[in-house]
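Notes for the one structure printed next.
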Amino acid sequence: MLQVNNIRDHKEQYIQALAKRNFEAKAVFEEVLELDETRRNTQTRLDDILAESNRLSKEIGKMFKNGEHQKANLIKEKTGKLKEDSKELSEKLSSTIQELEQLLYTIPNVPHESVPAGVSEEDNEEIFKEGEIPVLEKTALPHWELAKKYDIIDFELGNKITGAGFPVYKGKGARLQRALITYFLDKATEAGYTEFQVPLMINEASGFGTGQLPDKEGQMYHMAEDNLYMIPTAEVPITNMFRDNLLTEKDFPISCTGYTPCFRREAGSYGAHVRGLNRLHQFDKVELVRIEKPSDSYAALDKMVEHVKELLRDLKLPYRILRLCGGDLGFTSALTYDFEVFSTAQDRWLEISSVSNFETFQANRLKLRYKNKEGKKDLVHTLNGSALALPRVLAGILENYQDEKGIKIPEVLVPYTGFDRID
RNA sequence: GGAGAGGUGGCAGAGUGGUAAUGCAGCAGCCUGCUAAGCUGUCAUCCUUUUGGAUGCCCGGGUUCGAAUCCCGGUCUCUCCGCCA
């Protein structure tokens, strides 16, 4: 959520930046500023009335003490009128504030200056590419067929238990999955991130804090009876650990990692592109979250990008990095880098990580602040990134490491799997 | 699921109808020559920004001239019992 003061101070700059995500901000900003003006006027008027009313109350108190009951009763009549006025004004004030907030909820984050304009993923900017794309035999298979051939993932079994998009990993498939999780967590820990195990369900306040609510409600599984949501990513519980906090300089840097399953309804996405592991309702992910002082946040973002690069280098998977264009940028993000692994047998790129700086957009909703050197309170910057999302990494490994007789395990994983081939 | 207790500033913790003590931490300054102590100020939010004013004691209602305090509803936490991995 943007701050009204910033909208006022940087109006033209924000309008231009938001145009990069094809968000027409001019009219909304006008309305925001107008409502804010009304809010302040109303408050001033209300304050005056309440001040008068408080003053009279004090007098009445004194009069009763002095036994001047008649005089007191006279003044009481006055307070009745004041009360009516104040009620009216305070209703106006709260409805104005509500209206203002509703409006602010609809405004996405202001893109960073480096974000290219654009309307769709086709306008994303490729900024880095690394790794050899292997030349596969004609007999090479897509991962869902490999999974069946070597009996390591059972999609039908998941259908039976739950439904489409809930695969069952089996034998060496399950072990490889666990190896990846442990490997990613170890790498994050080595890089200084503190590991957490967090709840997989969140309440409404948490959903609001990181921005899944109110606009992405339909993407989460909701348990109506308890009003809880299944987490779509560990970002939500991890970042919300810090909700309503007032940090001090000493608390930084804050860097957290955690493995969780993630649950997404993915309503409306079906078809060939979602086959196999490409898109699931439940998948595993290791997430990184950082809470930074504003001055340090972009350096932190770079560090996260380097971290993810290293993982992919270690796994020897061909990948590229995209700087998301305005049209593809998430609602809450100021700058996002997507990592994509090349799925050789499908001949397409698969997103396996998304690393973002939210600047103060989430912190404002989270009421997550720190006391700076001058003792003033300031919103922090929040960041997060996947390191990494498992299913597509697995798909990449299966497809890129296949030969006619099986699948080779990337060297760095062998200590974790205890085997070097699936066949 | 049943019973009870509780929710006050960054933290700790008073306050049972007259308008939020105190301590610690933080920040600014003063002082003292030693890793520190002492003193003073500041130290919830908003409006005005100069005096000042309002709001704020988990959330929402109510009673009252006046509510942290009394009443109703909700919510969360803790303790005990029950159930249970």
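Descriptive notes on the structure:
- Anchor A:Lys371: aspartates and glutamates whose Cα lies under 16 Å away (excluding residues fewer than 8 positions away in-chain): A:Asp244, A:Glu249, A:Asp251, A:Glu292, A:Asp296
- Chymotrypsin sites (Phe, Trp or Tyr not before Pro) within region A:238-314, DSSP loop, no more than 13 other Cβ atoms inside 10 Å: A:Tyr270
- For the peptides A:383-394, A:312-323, the ranking by mean Cβ contacts within 10 Å, running from highest to lowest, is A:383-394, A:312-323.
- Charged neighbours of A:Val4, selected by a Cβ distance under 15 Å, balance to -3 (K, R count +1; D, E count -1).
- Burial order of peptide ranges A:145-156, A:227-238, A:98-109, A:53-64 (average beta-carbon count within 10 Å, highest first): A:227-238, A:145-156, A:98-109, A:53-64
- Most fluctuating residue given options A:Thr260, A:Thr44, A:Thr210, as computed from a GNM of chain A linking Cα atoms under 10 Å: A:Thr44
- Separation of alpha-carbon centers, region A:137-184 and region A:402-421, rounded to whole Å: 15
- Å² of accessible area per residue within chain A, as computed with a 1.4 Å probe and no ligands counted: 50
- Atom-type composition of the exposed protein surface of chain A places 48 percent of the accessible area on carbon and sulfur (1.4 angstrom probe).
- Where a label projected 7 Å from the Cα of A:Val4 along Cα→Cβ would reach, residues of region A:41-55 with amide N under 19 Å: A:41-50
- Counted residue by residue at 0.36 nm each, then reduced by the alpha carbon distance between them, the extension gain from A:Ala164 to A:Glu195 reaches 8.0 nm.
- Note on chain A: GNM, Cα springs under 10 Å; of A:His112, A:His381, A:His69, the largest mean-square fluctuation is that of A:His69.
- Potential extension, A:Thr248-A:Lys65 segment - 0.36 nm per residue separation minus Cα distance: 61.0 nm
- Region A:192-234 versus region A:74-119: alpha-carbon centroid distance in Å: 27
- Distance violations [Cα-Cα > 25 Å] among A:Lys250/A:Lys367; A:Lys129/A:Lys149; A:Lys285/A:Lys309; A:Lys172/A:Lys285; A:Lys149/A:Lys408; A:Lys83/A:Lys376: A:Lys129/A:Lys149; A:Lys83/A:Lys376
- Sequence-separation-based contact order of chain A, relative, with Cα cut under 8 Å and 6+ spacing, percent: 20
- In this calculation the C-beta distance from A:Val135 to A:Glu306 is compared with R0 = 22 Å, giving a FRET efficiency of 0.15.
- Charged neighbours of A:Tyr229, selected by a Cβ distance under 9 Å, balance to -2 (K, R count +1; D, E count -1).
- Surrounding net charge for A:Thr260, when Lys and Arg each add one and Asp and Glu each subtract one, Cβ distance under 9 Å: -1
- In terms of packing, defined here as the mean over residues of other Cβ atoms within 10 angstrom, the peptides A:72-83, A:334-345 line up highest first as A:334-345, A:72-83.
The values are calculated or read from the model by the stated rules, or taken from the named source; none is laboratory data. The structure displayed is predicted, hence computed values, not measured ones. Backbone-built Cβ (ideal geometry, glycine too); neighbour counts: all protein chains shown. Only protein heavy atoms, including side chains, enter the accessible area calculation; ligands, DNA and RNA are left aside. Shrake-Rupley method; radii C 1.70, N 1.55, O 1.52, S 1.80 Å.
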